[in-house]
1. How far apart, in nanometres, would the label points at GLN408 and SER388 be if each is projected 7 angstrom from Cα along the Cα-to-Cβ direction?
2. For region 6-108, state which trypsin sites (Lys or Arg not before Pro) are in a DSSP loop and have at most 15 other beta carbons lying within 10 Å of their beta carbon.
3. Given the chain, what percent of its DSSP beta bridges are antiparallel, to the nearest 5?
4. Using a 1.4 Å probe over the heavy atoms of the protein chains, calculate the carbon and sulfur portion of the accessible area of the chain as a whole percent.
5. Where only protein heavy atoms count, and the probe is 1.4 Å, what is the accessible area per residue for the chain in Å²?
6. Could you go through region 342-358 in sequence order and give the Karplus-derived ³J(HN,Hα) for each residue, using 6.51 cos²θ - 1.76 cosθ + 1.60 with θ = phi - 60°, rounded to whole Hz, and x for Gly and Pro?
7. Divide by every residue of the chain the summed helix terms, -39500 (n - 2.57) for each DSSP H run of at least 4, and state the resulting mean residue ellipticity at 222 nm, rounded to the nearest 500 deg cm²/dmol.
8. How far apart, in nm, are two points set 7 Å out from the Cα along the Cα-to-Cβ line at ARG65 and at ALA281?
Amino acid sequence: MENKRAAFLSLGCKVNSYETDAIEKQFKEDGYNIVDFGQVADVYVINTCSVTNMADRKSRQMISRARKNNDKAIVVATGCYIQTAKEEKIRKELKIDIAVGNNKKGSVLKAVKEFENSGDRQIDIININEKCEYEDTPIEETLENTRAYIKIQDGCNQFCAYCVIPYARGRIRSRQKSSIVSEVNNLVKNGYKEVVVTGIHLSSYGLDFAQDTYSMKDYCPFKYEYLLEVLIEINKIAGLDRIRLGSLEPRIITKEFLEGLKKVTKLCPHFHLSLQSGCDATLKRMNRKYDTDKYLESLKLIREYYDNPGITTDVIVGFPMESEEEFEQTEVFLSKCKFSMMHIFKYSRREGTVADKMSGQVDEKIKSERSHRLLKLTQELNKEYCQSYINKEVEVLLEESITYMNKQYVSGYTTNYIKVFVPADNIVGDIRNSLVRVLITEYIGENTLMGQNCK
Ligand code: SF4
């Protein structure tokens, strides 16, 4: 008898992708053949997202697509859209067989087997306000070739006004150090040389391990010692060359934290420091818990400890009541920060959030115009940053073969996350997953440089 086929689709963030990889691993180990989502499968698993109303719509569309692909398949939906949707809606409107709550993703295979045996439609949505433990769903490989994302934390206690995540994923939960180290060991055995340590709110890692309570008013309300312990332990793993950090909160950046990070010798000098707005009044309305002074201080500190680090960020334009003057403050602030890259998002309403109920929603046309202005600024800042590497030697972790202007190249990333093309005939030996030294010769476009392999 032929093996059963399972297809997976992950929407939204890297944490979702990580969890989808973990679910897929269980199906593979159970003998399933993994097929593309567009193909006919016996089981479809959609890991949904709910970050905006648009993400909700996409989640519903993908569920319908799975059902269309094979009317007889078992369709499983999990993730933030499922977690926040009303149970009645799930039962009446979604053509799924199984709904799995965010903290039960490790039980998807089990739920499918039970469904097959009983034929009963199961709705398993956990109450996210209950105190729940971190759900361990380890992976050994990922869809990315050389870089593995590892999830070490779930949930968020920050309640930013525009975000549904604290409702969808519940309170913070941290993964045990031993489980993280064991996962990285397995990934390294499978050939991965770089790991990205990630979480829903990574800076909160370990807060649930700490005995003492913390106050939002504290200068650094995070228990970064736990994160440092994990990083120092991973740093010892032979065969692992690079450790990258996921998004951090500016408040975690202190001298003490950076002193600790310097001991993590494999850490890439690439920091994603979430900003969202460069205007204090807007930050306050967003319920972000830092101001622009603190943010600048964090940038200054990082630059004292690391030479020309890559610093990336996220910015939301058109948050409710954002006036032209407020937006201009953001624009000026962003230029001052000299980011290597910025991700610009137009504010998008999400039902169930505080911001959705705010007056002064900004017109879509104005949002687009502001977004264009910041995208232009991003290009300028990114070009300036990339060009600072011309005639310098950098280390590149090679990832894939590509064709550019009819010629063959191998591309990879520097430690500070700039893409580099190296002529393929320059590479001796394994073109994938090798670390090479490259002399940068020119800037060729968005976040991309050209170089020659140093022999
Ligand atoms: S920090 Fe804010 S934006 Fe990030 S997950 Fe938590 S509530 Fe959402």
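1. For GLN408 paired with SER388, the spin-label model returns 3.6 nm.
2. LYS72, LYS86, LYS95
3. 35
4. Answer for the chain is 48 percent, counting heavy atoms of protein chains only.
5. Solvent-accessible surface per residue comes out at 45 Å².
6. Each residue of region 342-358 in turn: 10, 9, 9, 10, 7, 4, 10, 5, 9, 3, x, 9, 5, 5, 4, 8, 6 Hz.
7. After summing the helix terms and dividing by residue count, I get -10500 deg cm²/dmol.
8. Placing both labels 7 Å beyond Cα along the Cβ direction yields 4.2 nm.
The values are calculated or read from the model by the stated rules, or taken from the named source; none is laboratory data. Note that the structure is a prediction, hence the values are computed from the model and not measured. Cβ sites come from the backbone with ideal geometry, for glycine too, and all protein chains shown count toward neighbours. The protein model used for the area step is the full one, side chains on, heavy atoms only, and it has no ligands, DNA or RNA in it. Shrake-Rupley method; radii C 1.70, N 1.55, O 1.52, S 1.80 Å.
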